[in-house]
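What follows draws every value from the coordinates through simple rules; no lab data is involved. Note that the coordinates shown come from a computational prediction; the quantities given were computed from them, not determined experimentally. Here Cβ is always computed from backbone atoms with ideal geometry, including for glycine, and neighbour counts include all displayed protein chains.
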Amino acid sequence: MSIASVWTVLAVQASGAGAGEGAGTGATGILKGLAAYGFWGYLVAALLGFAILFGIASALPILFTWAERRVSGRMQQRWGPNRVGPFGLIQALADGIKLMFKEDIIPAKADKLLFMVAPGIVLAGMLSAFALIPLSDSAVVVDTPLGVYLITALLSLEVIGVIMAGWASNNKWSLFGAMREAAQMVSYEIPFGLCILLAVVSYGTLSLREMSLAQAGGFLNVGNWLIFHNPLFALPAALIFFIAALANTKRAPFDLPEAESELVSGFHTEYSGLRFSFFFLEEYASMFVISVILIAMYLGGWNLPFVPGSAMTGSFGAELLAVLSMLFKAFVLVFVMIWIRWTLPRIRIDQVMSLCYKYLTPIAFVCLIGTCWWELST
Amino acid sequence: MTTGGRIQEHMAGGGEREFVLDVRTQDMEINMGPQHPSTHGVLRVVIRADGEVLTKATPHMGYIHRCAEKIAENVNYDQFVPYTDRYDYLAAMNNNLGYALVVEKAAELEVAPRATWIRMMVAELNRIGSHLIAFGTYGMDIGAFTPFLYGFREREWMMSLFEKLCGARLTYSYVFPGGIANDVPPGWLDELKRFCDVFEKKWVEYDKLLTRNKIFIERTKDVGVIPSGMALDYGLTGPCLRGSGVRYDLREAQPYLFYDQVSFDVPVGIGEVGTQGDCWDRYYVRMIEMLQSVRILRQCIERCEKDTTPGEIKGNRKKTLRVPATEAYVGVENPRGELGHYLISDGTDHPYRLKVRGPSFCNLSVLEELLPGTMIADAVAIIGSIDIVLGEVDR
């Protein structure tokens, strides 16, 4: 988690340096202001930023686990949690508290250091990625020119943690899960990356915030959304990105690394208590992060139909509307992920690979080349 | 786990020299079970895996052996009925029936027609319940959780029907030598009719949700193919045998009860989506059998209402059951295959020896030949498609 703080410091520095590009509002503005007070200002800003990030990053998974359990309950003709709090909303919190008080078991023959560090690495990559996603024009902690490039790198950090967890557990099922995760992540990075490239080619920027800004306007204010602006190539690319995102977040039907019926629990078989909850937290947080990336690149960012782009930036109310719009879109995508998980069976590992290399990657390539042609010809 | 690599050189077909890096890795030996989510109980399969591919698999059983056959020699005939519930606990009615039939054959007991019709009803209803579990858990093995709860929804109704009939939901002890425990309660047959109507509609849901799912088909077709010869060699029975295309169903081949008076089809695997005898075929045979059971149920209800009067369930059995010294074998078609009871009696009130031939036990034997060469995920699919109940493997 210290990585997150470090990133926040870097971020504040970066945005402090480029303060000319528009005065931020809300949290970002305060952080930028603090950064003007030298080292101690940076430190306070970093801690504050980390606290805010950690709050968001842990509150969202709580909401998503609740949604997952309620939605799956609905789909399976049962209730799901409905006792703790209104509609069972606090259930995930109760579970979290339970996990916190459980004994933290480290297997006797495990590699202790790696075993303890692995969940931290998994979570740290995810939390740092949170700092980079834009929820509105100014609701972005770090707006580096590297943008989506950095996010991809941070998201890939997870696989290292998972392999460490699988190896350190000294459990053959965990090792299987870790190897599957490695193979799957490395493979799906390719279509994932190609689809990101497509968006980069279209907008000429790596910054997700600028991509979202560029999608304002057009017919009914949806005409400039990438999937409508360039439907022939961007629409299949958005679908491929979504499938690759499912694979990257280890969601069904790509949940092979933790395939319950095959590998007991996969790489986190030996984990318990708080360390287990880190993996859990990471999965749900990454669902959100990846949804936001997809929205920012393809689905119009925070722009809404019929609402002119100028009404989504500038004042505090406009920014709030943008954040809400972004959250709404992300929740819809997360809902689709949940829906898929409770409907489809799991794919076999060789089918996962052939899907990636035989279908997704070539189609993504065609889309990318097509988009280059499209951008050059229009 | 590389143990060293060296470059090998050999001539390729076109006369070109070809270099191959010969990297050998060690196989990994893993215990799948007895505490594993998808071995359907306490089956333990010791597998050797080369990466994801299995090179050897040895099933071990016996973790819940309860000496059912030995117990039979020490309790009297009626007292053994509850023990039969517990070998295939998903099809307790069918187990009761198999045991009751062998005792009746040895003691030459007659059963009232109404009791026979009711026996057929409970046997078929329990077959549906058992296949629903097979359907649901198979979905779970493949990774789909929702079909499991869909299956349990209808199974819940089936169990409540049994609860109304005999008070128990899982271990019924309802069918016993000489007849059945009690007549059906008023309105039970009507509810059973409703169950049949609703079930056929729900079956279509299963078909849409799982059977015709593209991923499910990809996962199960051409996997774990049992050719008909191999199925016969290993003595497979039930859906595992019929999935390989062999039309052999004891209800049709050696009709017991009134199975010769009802019409039904015996589904066999034809390789509809892949090869004949693959996992999907075995799965689909079970699905069709559920519909055939509904068909039998309807005919049973009709005949039972038309031909018999309520309350006439008494046969010619005396209260104390003594079986003359003789030998008898009766096999019945359980949801998982032929459940055979071989009884040797010595004129007392308890069996001299009772041998049980369990279908799951025999079907399990094919695993050792079927698993090598498949992937771990396939192994789970194959074990699921054999549909074993460990309570009956070990007895």
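Phi-derived couplings, Karplus 6.51 cos²θ - 1.76 cosθ + 1.60 at θ = phi - 60°, listed residue by residue for the stretch A:225-238: 4, 4, 5, 9, 5, 9, x, 4, 10, 6, 5, x, 5, 5 Hz, with x used for Gly and Pro. Shielding of peptide B:375-382 by partners, expressed as the average count of other chain Cβ atoms within 10 Å per residue Cβ, is 5.
Here the calculated FRET efficiency for B:GLU29 and A:ILE190, from their Cβ-Cβ distance with R0 = 30 Å, stands at 0.30, rounded to the nearest 0.05. Indicate the gyration tensor shape class of the stretch B:191-302 (rounded, prolate or oblate), computed on the Cα atoms with a ≥ b ≥ c the square roots of the eigenvalues: a/c under 1.5 is rounded; otherwise a/b larger than b/c is prolate and the rest oblate. Oblate shape, in that a/c is at least 1.5 and b/c is the bigger or equal ratio.
Working note: 222 nm ellipticity from helices only, DSSP H runs with n ≥ 4, each -39,500 (n - 2.57), summed and divided by the residues of chain A, gives -22500 deg cm²/dmol to the nearest 500.
A Förster distance of 41 Å, applied to the separation of the beta-carbon atoms of A:VAL366 and A:ASN170, puts the FRET efficiency at 0.40. Would you list which lysines come within 25 Å of A:LYS109, measuring only between C-alpha atoms, while excluding same-chain residues fewer than 8 positions from it? The qualifying lysines are A:LYS172. Rounded to the nearest 20, the size of the Cβ-charge dipole of the protein assembly as shown about its Cα centre is 1260 debye, with Lys and Arg at +1 and Asp and Glu at -1. Per-residue ellipticity at 222 nm from helix content only, as computed over chain B with -39500 (n - 2.57) for each DSSP H run of at least four residues, stands at -13500 deg cm²/dmol. Mean partner shielding of peptide A:249-256, defined as the number of other chain Cβ atoms within 10 Å of each residue Cβ, is 2.
3J(HN,Hα) along the stretch A:42-56: 4, 4, 4, 4, 5, 5, 4, x, 5, 4, 4, 4, 5, x, 5 Hz, from the Karplus curve 6.51 cos²θ - 1.76 cosθ + 1.60 with θ = phi - 60°, whole Hz, x for Gly and Pro. Among B:ILE47, B:ILE215, B:ILE313, the largest mean-square fluctuation in a Gaussian network model of chain B (Cα springs under 10 Å) belongs to B:ILE215.
With a cut-off of 17 Å, note down the residues of the stretch A:265-306 whose backbone N falls inside the zone around a label point 7 Å from the Cα of A:LEU239 toward its beta carbon. Answer for this model: A:298-299.
A straight Cα-to-Cα reach below 14 Å connects A:LYS102 with the aspartates and glutamates A:GLU270, residues fewer than 8 places away in its own chain not being considered.
Computed extension gain for A:GLU260 through A:MET353, at 0.36 nm per residue and net of the alpha carbon distance, reaches 31.5 nm. Put the Cα centre of the stretch B:170-190 next to the Cα centre of the stretch A:293-323 and the gap is 67 Å.
Note on A:SER354, A:SER277: ascending count of other Cβ atoms within 10 Å places them as A:SER354, A:SER277, the fewest first. Residues of the stretch B:73-111 with the amide nitrogen closer than 15 Å to a label point 7 Å from the Cα of B:GLU312, along Cα-to-Cβ, please. From the stretch B:73-111, the list is B:111.
Per-residue mean of foreign Cβ neighbours for A:260-271 is 4 (Cβ atoms of other chains, 10 Å radius).
For the pair B:TYR89 and A:SER377, label points projected 7 Å from Cα toward Cβ lie 6.7 nm apart. If the chain linking B:ARG48 and B:ILE64 were pulled fully straight, counting 0.36 nm for each residue of separation and taking away their Cα-Cα distance, it would gain 3.3 nm.
Close amide H pairs (under 5 Å, H built 1.01 Å from N) link B:ARG353 with B:ILE344, residues at least 5 positions away or on another chain. Label separation (B:GLN254 vs B:ARG353): 1.8 nm, computed from points 7 Å beyond Cα along the C-beta direction. Ranked by the mean number of other Cβ atoms within 10 Å of their residues, highest first, the peptides A:68-77, A:301-310 come out as A:301-310, A:68-77. Roughly what angle does helix B:113-142 make with the longest principal axis of chain B, taking Cα atoms, 0 to 90 degrees, to the nearest 10? Approximately 20 degrees, to the nearest 10. Placing a label point 7 Å from the Cα of A:GLN77 along the Cα-to-Cβ direction, the residues of the stretch B:143-165 whose backbone N falls under 12 Å of that point are B:147-158.
Find the centroid of the Cα atoms in the stretch B:256-322 and in the stretch A:189-266, then give the distance between the two in whole Å. Using only Cα atoms, the two centres lie 52 Å from each other. Within straight-line reach of A:LYS329, meaning a Cα separation under 27 Å, sit the following lysines at least 8 residues removed in sequence or on another chain: A:LYS250. Mean-square fluctuations from a GNM of chain B, with a 10 angstrom spring cutoff on Cα atoms, peak among B:LYS214, B:LYS164, B:LYS193 at B:LYS214.
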